[in-house]
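Remarks on the structure that follows.
The values are calculated or read from the model by the stated rules, or taken from the named source; none is laboratory data. The structure presented is a predicted model; accordingly, all values stated were derived computationally and were not measured. All Cβ positions, even for glycine, are placed from backbone atoms using ideal geometry, and neighbour counts span all protein chains on display.
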């Protein structure tokens, strides 16, 4: 597998909303390429007619009774927020 | 008894002394806090020590005893890995992004330990968001291995393992996504149990790989592991993936030591490969011989997809992690580094809040899930995971448990694998498969190589904890490896 390009690294970082320095991008190009090359060994496996496993449990939908129960109070829910205003999480403007 | 002796009591012996009134929870807790104060400057096992709260819990435990009450862990001082939420006590996950996060609720396991009467000493160090095998990826500091302070304790539950090995906690909780309980237990010479996926509630465990994560216990002997598992196991309405299966009395089952006669122990040939350190292999072979001498039948089995375990694991775990860690956006909790607009705030917050291993895994996982690569990496890995599971199902039709080394080598030097992520990942080669197949496993001390502990791993079928504990206990009854203590510098203890 060819080495990841700088553009590919930047595209993935964009998807992950992850800020990276130029140095980090270069290092990740190297390291991710090496790891992916190693991981490509799974392509040797014949997986025709093999179901993908998403969970090890024999469960499908788990329902609970539709009953109310106490939850966090407003103060508890907001206690770790970086910014609060009028009992709400304060965020930056997203619409002008 | 002096402080050191008190701190090396096993939980079951301490409970006996507490019940007879020969020891108070306050004395015991005080002894642990003194030892932590003396040693943790060398070990760095704890991120947060909750001395005042612990003494208050101990006082209450003694009060309850004075009123004739008892509880399964009443007055027992334990440590909690810092990825498990504790109400009112900072829970950092070893990350800058949660450096000041104080959960408004307790994880279910913490609720259960409190109900059982445990005293909580503090929160132990971990690789950031449990991503690592050495604690070197903690944002705060690296924990030292009590057997050699220049070496890693393993990870990610390295703080819990080091604390238990050094007598700085009587037992501890960890979490295991790809070996994070068993590997540090092996490297520090203690017992580490990873229960079946779904056996223990994950509510309040900060998520890494949701289809793999499971809370486990670290203790100095198998009896203590059974006591802790009994306290935390069972269905929890807050975790839809927790299993609605009855919880056996693990202690009683374990104590029915019927010996090892007739027990079928599978020895997977793929776990005895080139690359395993000779000292590790010989210690594990000797453990197998001890079990055979006690009547066990050793049967060679094959888990043919073993070599695919690491790539399958690192594709699935990172994919799940990249999705789980999307929540750290600086809005509801954690660090926020404000930029000119909301988008820049996201990028800056995550750039400064996450360390290099977490960034690497978010990138890898995002790549594996991205359009064009999903089928080749993520979906392919999920299919390969099915094949791996079939290996285990086939082998466990023939045998009761599987036995192998927990790790291919002993504790490595701090810094040795830090710049080579692939080498670091390969140290998990014998532990990741068990998480992928969702079954249970335990690591028990089985000797030393170059003066460093070696772990024997036993792996069992879904909900097979009782048989694992019974076999591990029978092994421990016939060996003394779990009784050795690390040679910690005496001057640190004040002479």
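Quick check, is residue B:186 buried (at least 24 other Cβ atoms within 10 Å of the Cβ), under 23 Å from residue B:449 (Cα atoms) and in contact with a strand residue (DSSP E or B) (Cβ under 9 Å, 6 or more places away or on another chain)?
yes
Would the range B:237-251 turn up any residue that is within 28 Å of residue B:163 (Cβ to Cβ) and either free of Cβ contacts under 8 Å to residues at least 12 places away in the same chain or not in a loop (DSSP other than H, G, I, E, B) (or both)?
yes
Can you name every residue in the range B:431-461 that is in contact with a helix residue (DSSP H, G or I) (Cβ under 9 Å, 6 or more places away or on another chain) and not in a strand (DSSP E or B)?
B:431, B:432, B:433, B:434, B:435, B:436, B:437, B:438, B:439, B:450, B:461
For residue B:328, which of the numbered conditions (1) in contact (Cβ under 8 Å) with a residue 24 or more places away in the chain; (2) within 25 Å of the chain's Cα centre (by Cα); (3) closer than 24 Å to residue B:426 by Cβ fails to hold?
All conditions are met except number (3).
Any idea which of (1) within 16 Å of residue B:302 (Cα to Cα); (2) at pLDDT below 95; (3) part of a helix (DSSP H, G or I) is the one residue B:396 doesn't satisfy?
Exception for residue B:396: condition (2).
Can you pull out the residues in the range B:291-325 that are in a helix (DSSP H, G or I) and more than 29 Å from the chain's Cα centre (by Cα)?
B:293
Quick check on my filter: what residues within the range B:217-236 are part of a loop (DSSP other than H, G, I, E, B) and either within 14 Å of chain A (Cβ to nearest Cβ) or surrounded by 24 or more Cβ atoms within 10 Å (Cβ to Cβ) (or both)? So that I can check it myself, show each step before the final result.
Keep residues of the range B:217-236 that are part of a loop (DSSP other than H, G, I, E, B), which gives B:220-221, B:234-236.
Across the range B:217-236, the qualifying residues are B:220, B:235, B:236.
So which of B:439, B:424 ends up being within 19 Å of the chain's Cα centre (by Cα) and either modelled with pLDDT of 95 or more or at the interface with chain A (Cβ under 8 Å from one of its Cβ atoms) (or both)?
Working: B:424 fails: either modelled with pLDDT of 95 or more or at the interface with chain A (Cβ under 8 Å from one of its Cβ atoms) (or both).
Being within 19 Å of the chain's Cα centre (by Cα) and either modelled with pLDDT of 95 or more or at the interface with chain A (Cβ under 8 Å from one of its Cβ atoms) (or both) holds for just one of B:439, B:424, which is B:439.
Does the range B:363-372 hold any residues that are facing chain A (nearest Cβ under 7 Å) and crowded, with 20+ Cβ neighbours inside 10 Å, and which are they?
The answer is B:363, B:364, B:366, B:367.
How many residues are out of contact with any strand residue (DSSP E or B) (no Cβ under 8 Å at 6 or more places or on another chain) and in a helix (DSSP H, G or I) when one looks only at the range B:7-32?
The number of residues fulfilling the criteria is 13.
Keeping to the range B:326-360, report how many residues are out of contact with any helix residue (DSSP H, G or I) (no Cβ under 9 Å at 6 or more places or on another chain) and surrounded by fewer than 18 Cβ atoms within 10 Å (Cβ to Cβ).
Of the residues in the range B:326-360, 6 are out of contact with any helix residue (DSSP H, G or I) (no Cβ under 9 Å at 6 or more places or on another chain) and surrounded by fewer than 18 Cβ atoms within 10 Å (Cβ to Cβ).
Could you grab me the full set of residues in the range B:33-77 that are exposed (fewer than 15 other Cβ atoms within 10 Å of the Cβ) and assigned to a loop (DSSP other than H, G, I, E, B)?
Matches in the range B:33-77: B:67, B:68, B:69, B:70.
Considering only the range B:456-477, I want to know if a residue exists there that is under 17 Å from the mean Cα position of the chain (by Cα) and at pLDDT below 95.
There is no residue in the range B:456-477 that is under 17 Å from the mean Cα position of the chain (by Cα) and at pLDDT below 95.
Among (1) more than 9 Å from chain A (Cβ to nearest Cβ); (2) without any contact (Cβ under 8 Å) to a residue 12 or more places away in the chain; (3) more than 30 Å from residue A:19 (Cα to Cα), there is one condition residue B:375 misses while meeting the rest; what is its number?
Unmet condition: (3).
Give just the number: which of (1) out of contact with any helix residue (DSSP H, G or I) (no Cβ under 6 Å at 6 or more places or on another chain); (2) over 16 Å from residue B:118 (Cβ atoms) does residue B:225 not satisfy?
Condition not satisfied by residue B:225: (2).
Tell me whether the range B:452-473 contains one or more residues that are free of Cβ contacts under 8 Å to residues at least 40 places away in the same chain, over 13 Å from residue B:193 (Cβ atoms) and out of contact with any strand residue (DSSP E or B) (no Cβ under 7 Å at 6 or more places or on another chain).
no
List the residue pairs whose Cβ atoms are under 8 Å apart, where the first residue sits in the range B:10-22 and is over 16 Å from residue B:117 (Cβ atoms), the second is at pLDDT 95 or above and surrounded by 17 or more Cβ atoms within 10 Å (Cβ to Cβ), and the two are 6 or more positions apart or on different chains.
Hits for this filter: B:10/B:170; B:10/B:219; B:10/B:220; B:10/B:221; B:10/B:223; B:10/B:224.
If you scan the range B:332-362, which residues turn out to be facing another protein chain (nearest Cβ under 8 Å), within 24 Å of residue B:315 (Cβ to Cβ) and touching a residue at least 40 places away in the same chain (Cβ under 8 Å)?
Answer for the range B:332-362, where residues must be facing another protein chain (nearest Cβ under 8 Å), within 24 Å of residue B:315 (Cβ to Cβ) and touching a residue at least 40 places away in the same chain (Cβ under 8 Å): B:350, B:354, B:356, B:360, B:362.
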